[in-house]
Amino acid sequence: MAFVGRTLRGEWYGIVVDPLRRLRRRGPAALVLAFVACGGVIFFHAIAQHPTGATWVRILGGVQGDLPLWLALLRTPVSLYVPALDLPVWAGITQLFLAFALAELALGRRRTLLIAYTSTLAGTLTVRVMMAMGPGCWGLGLPPEIGQVLDTGPSAAVVGLFSYLSVVRRAPIVFTLTGGSMVLESIAKPNLAGREHLIAVAAAVALGLLHERGRRRRQAATKTQDAASV
């Protein structure tokens, strides 16, 4: 119980308290990415309620596996703001805002955008590899008709940001609630979205581990320099 208490306390300060202190110092301007992300999703959801608007949303930000690679890459940044049209958009707005807000405060805008985009792009590109493998290839391949299914949109970025934060802030409980839930979802309901979420989690974890490895190397180099200068 003591270990669980220390873990919860550490995660509370690392994931919530420290970002809130930065928000108090910097003000609402520190949440530009979070507001832009939510505003973009609300905007695209609103115009997609009309047939013409839905067509334009698909043209601008709809990413599918059967698109030419150059076109998929061109649409991927916009797809971060295109919600799944068959799901209630308001249910995911809170998660979207929290993911971008906490990441922007804890990581900065540049790294937040990098993690969000990389997590989404990893799913998009890996699905193409799975389609090239074909069905029945150790259970990893996908049939060609999957190429007509739209990608997950902003949800891959959300789970990627939470997973990355969990690694760099050493928050196993947060990771279990986010990345672990994606694993359970993919098992309970195996579909394209589940696979893309798992890929986003894996990509974010790998980036987090690389960042931590680089940080430890820099700390070791600094200690070595300090010892040499004494």
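The values are calculated or read from the model by the stated rules, or taken from the named source; none is laboratory data. Computed from a predicted model, the values in this text were never measured in an experiment. Cβ sites come from the backbone with ideal geometry, for glycine too, and all protein chains shown count toward neighbours. Ligands, DNA and RNA are excluded from the accessible area calculation, which covers all protein heavy atoms including side chains. Shrake-Rupley method; radii C 1.70, N 1.55, O 1.52, S 1.80 Å.
Amide H neighbours of Leu142 under 5 Å, counting only residues 5+ apart in sequence or on other chains, H built in-plane at 1.01 Å?
It is Met131, Met133, Gly134, by chain and number.
Can you give me the span-like helices of the chain, meaning DSSP H runs with 20 Å or more of Cα extent along the axis and Kyte-Doolittle mean at or above 0.5? Please list the in-between numbers first.
On the way: long enough: 32-47 (22 Å, 2.36); 89-107 (26 Å, 1.75); 109-133 (36 Å, 0.61); 154-168 (21 Å, 1.67); 172-188 (22 Å, 1.33); 192-229 (56 Å, -0.22).
Span-like helices, by this rule, are 32-47, 89-107, 109-133, 154-168, 172-188.
Would you mind estimating how fast segment 147-230 diffuses translationally, via Stokes-Einstein at 4 °C and 1.567 mPa s with the Kirkwood radius over Cα pairs, in µm²/s?
This corresponds to a translational diffusion coefficient of 90 µm²/s.
In Å², what does the accessible area per residue of segment 134-230 work out to with a 1.4 Å probe?
55 Å²
Count charges around Thr7 for me, please; just the other residues with Cβ under 14 Å from its Cβ, Lys/Arg as +1, Asp/Glu as -1.
Around Thr7, the charge tally is +3.
What net charge is computed for the residues neighbouring Pro172, neighbours being all others with C-beta under 15 Å from the C-beta of Pro172, Lys and Arg scored +1, Asp and Glu -1?
+2
At 7 Å along Cα-to-Cβ for each site, give me the label-to-label distance between Phe43 and Glu212 in nm.
3.7 nm
Summing +1 for each Lys or Arg and -1 for each Asp or Glu, what net charge is found among the other residues whose Cβ lies under 13 Å from the Cβ of Gln64?
-1
List the residues, sorted by chain then number, that are 5 or more residues from Gln64 or on another chain and whose placed amide H is less than 5 Å from its amide H.
Residues meeting the criterion, in which the H sits 1.01 Å from N, do not exist here.
In whole percent, how big is the carbon plus sulfur part of the accessible area of segment 132-219, probe 1.4 Å, protein atoms only?
About 69 percent, which is the carbon plus sulfur part of the accessible surface.
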